[in-house]
Each structure stands twice: as C-alpha cells, then as structure tokens.
Amino acid sequence: MKPTDVISSHSYSQRRALVTIALFTLLSLLLLFSACDPRREYEAALVITDIAAGTAPTRLKSVTAQPRRTTVTFPSAGRSVVGDLYLPEQKPLAGILLLPGAAETGKDDPRLQAFANSLARARFAVMVPDLLGFRSLRVGSGDIAETADAFAWLLARSDLAPGGRAGIFSFSYATGPAILAALEPRLAGRVRFMMAVGGYHNLKDVLIFFTTGDYLQGGRWRHMEPNSYGKWVFVLSNVGRLSNPGDRRLFQEAAYRKLADLNAPLQDLAARLTPEGRRFYDFIDNRDRARALSLMDRLPDPIRREIGALNVAERDLTRLKARMILVHGYDDDIIPYSESVALAKALPHGLVRLYLVYGLQHVDLEPRIIDKYRLWRAVSALLRERENE
C-alpha cells in the first residue's frame, strides 16, 4: 500500500463530493456530444465511482442489491480449487474471472472483495479463484494451467456466461498467466475479452526494473525508484528452484526480512550461500543495468526456464482473439507503465484499448479528474462486453 496523507473524514467526504460532482458534470457534457449509449456511459460513471469508494456508500450501492457471494470449487491438476463467486440480483449478462495478482490475502483481500462486488453490481458473474501461487507469493508457470482451468469452469456455466460471454480481469503479475492461459489451444478464441491493470509484456525487462529501476520507453532508458516488493516476490517464487536446501532457507529468510524492513542488511546471509545461490543473489543485488542481462543469463537453469515460461513477449500474440482493455498508472513503481505500452503494440491491431493514467499506484486508485475520465472510458469499454458477441 502506498502511504497517504492523514486528513479528517469530514474534509475527505467534502473533497470526494466535489470531485464526484465535477466528474458527473464533465460526463454529462460529453454525453451530449457522444454517439455512445447514454445509459451505459452513465452506468460506467456509477461503476467507476463505486470502485473508487470501496465499501463506502455510493449511488450504485443505493440502486442495486448487495451481490451474493458463494463458495465454489473447480478441478485443476487432479485436485479441487476453491473460489468465491459473486452474483448480481438480476441474471448475469457476462462472466468474469478475476485474478488478484500476488498478495498473501488472495481472494480475501477486502479491496478485492469490494472490487468484485462493484463488478457484480454491473451484472457480471465474478469468479475469484484461490490460486495457491498468488496467495503464497510463489507465483509461477503452474498458475497458467490453474487460470485456464478456472476460466473453463466459468465458461461451462451457461447461467454465468450466457452465450459464451466471458473474459478475464487481471491485476499486476496475474496478467501474464491470464494471457498465456487464453493462448492455450483448449481456450483458443473462447476468451471474449480481457482487462488488465498494471500488467506486463516482457518479463526480462520487468526484472531489470525490479533490480535497477531502469525501464525502456520510446526507445530510451528511463529511471524510477522501484518498489522492492516485486523483487522479493520474485525471490520467493523461485527459491524452490535452487538445488541446495541451505540456499533455499537463506533466501526465504532474506525475502521475509526485506519485506518486513527494506533497510534490513543481508550480508550475513549472502556470505553463507553456495556458488549457485550466489549467482541468484548477484542478480538480485545488482543495480547496474549494463550487467543485468549477463547476470540473468547466469541464473540457475530452472529459474531461467521459468522466466521464459512466463514471458509474454516470447509468445505469438497475434493468435490472441480476445478484445483487450489495458490500464496502467504512469506512477506505477512495481511494474512500469511502459510494459502495457509494449503489450498494446504486440497485440492484434484493432483489438486493444490502452488507458494510461496518473493517480494509479500499481493497483491503488487515487486519480485526478482527467484520469477519472480515462478510467470511465475503460470501464465503459468493459461494460460493452456484456453486449458483444
């Protein structure tokens, strides 16, 4: 979570009320000159306001019933995986598989639950699977198959995905497994739409940013201080691929030490690593972009193979038939916005909409007025998918 200023609840409510009035005034003027469906555009404004409000009262909450949440299971790799299903009061118009990204609270994160409720109020059937890799901060290529299994379960329910209208909404890291799942032969052409917030395209470039803060945009390298959360999730995701049990224990201790205190020293742990573990540590500890790729090439083979398995940039994205809505914050310090720019360029022409905004710190939402307009357009595009065949 990014730090926020402490203000009184009274002043915050006044500010939010003024922002909402200004937003609706702007939208009303735009609708007068728009060829879009005014009802859908008005609903999109209600939905984006509800998303920004979280659990606080909104107009959308006042005119819709509280969605019903139930526990469901689906088969994956010979076991049953649990998920939460959010259902609107009225019959769903489309289904959404909602993937939260790497977070220890997983499907139980209160912000994610509020978000799922907002989508359900817009007459989506929302399924949030409890994927072990995401919750344990040990994400990997195994998440691709679980994502595909979860979507196949949703799609098979005609009451949840009428007419086959179903898509995937992903946050952050989960965008990679979502796209790779959609490319699997059994789902080819069956994922109608996708929406990604803070996703990635080239995992190698993301790892360079994790470690050095450098990212490539418009053919030029730029710099932004990275949030170390992403780097240490990468470490936890790959410690199991080290051959030495002692190295695995040392990296686990290092990751949890850093996640608790980013200034915590690690020299005592690094001194006890084997040569294989030291190669992993040298890559993680590096701050020099010029050395990053060569250090990546020296990573243990199982880790390099895993990077390749999750690297969207190494896949033929022209085979992806889903309509894609991409949203990314300019100030995202975990995955830089340049990744969504690159992803949009790699996707089939005419199937992608890209919305870049300020005030979206990875997945935390505090947009300005003009950025609320862009987010409104993104939500409107998502609502349109309830009607598209």
Does residue 343 count as in contact with a Leu (Cβ under 9 Å, 6 or more places away or on another chain), within 20 Å of residue 213 (Cα to Cα) and not in a strand (DSSP E or B)? yes
Just to be sure I understand, how many residues within the stretch 289-308 are crowded, with 16+ Cβ neighbours inside 10 Å and either in contact (Cβ under 8 Å) with a residue 40 or more places away in the chain or under 22 Å from residue 192 (Cα atoms) (or both)? 7
With respect to residue 337, determine if the residue is touching a strand residue (DSSP E or B) at 6+ places or on another chain (Cβ under 8 Å) and at pLDDT 90 or above. yes
Any idea which residue in the stretch 227-278 is modelled with the highest pLDDT, counting only those that are exposed (fewer than 14 other Cβ atoms within 10 Å of the Cβ) and among the aliphatic types (A, V, I, L, M)? 271
Is there a residue being touching a helix residue (DSSP H, G or I) at 6+ places or on another chain (Cβ under 9 Å), basic (Lys, Arg), farther than 19 Å from residue 237 by Cβ and modelled with pLDDT of 95 or more anywhere in the stretch 292-299? no
Starting from residues that are surrounded by fewer than 24 Cβ atoms within 10 Å (Cβ to Cβ) and within 19 Å of residue 327 (Cα to Cα), keep the ones in the stretch 177-192 and report whichever is farthest from the chain's Cα centre (by Cα). 192
Just name the residue that is modelled with the lowest pLDDT out of those in the stretch 345-359 that are under 29 Å from residue 318 (Cα atoms) and in contact with a Phe, Trp or Tyr (Cβ under 8 Å, 6 or more places away or on another chain). 357
Please state which of the following conditions residue 112 fails to meet, knowing it meets all the rest: (1) within 14 Å of the chain's Cα centre (by Cα); (2) surrounded by fewer than 23 Cβ atoms within 10 Å (Cβ to Cβ); (3) farther than 21 Å from residue 67 by Cβ. (3)
Residue pairs within 8 Å by beta carbon, gap of at least six or interchain, first lying in the stretch 203-224 and on the phi > 0 side of the Ramachandran plot, second surrounded by fewer than 22 Cβ atoms within 10 Å (Cβ to Cβ) and of a type in the set (Asp, Glu), listed first then second, are 213/225
In the stretch 77-94, the residues that are in contact with a Phe, Trp or Tyr (Cβ under 9 Å, 6 or more places away or on another chain) and either surrounded by fewer than 18 Cβ atoms within 10 Å (Cβ to Cβ) or touching a residue at least 40 places away in the same chain (Cβ under 8 Å) (or both): 80, 81, 82, 83, 86, 92, 93, 94
For the stretch 51-81, which positions are of a type in the set (Ser, Thr, Tyr), out of contact with any Lys or Arg (no Cβ under 6 Å at 6 or more places or on another chain) and within 25 Å of residue 375 (Cβ to Cβ)? 55, 58, 62
Close pairs (6 angstrom Cβ cut-off, 6 or more residues apart or separate chains): within 19 Å of residue 274 (Cα to Cα) in the stretch 230-241, in a helix (DSSP H, G or I) and of a type in the set (Phe, Trp, Tyr) anywhere: 235/251; 239/251
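The values are calculated or read from the model by the stated rules, or taken from the named source; none is laboratory data. Not measured: the values here are computed from a predicted model. Neighbour counts run over all protein chains shown; Cβ positions are idealised from the backbone, glycine included.
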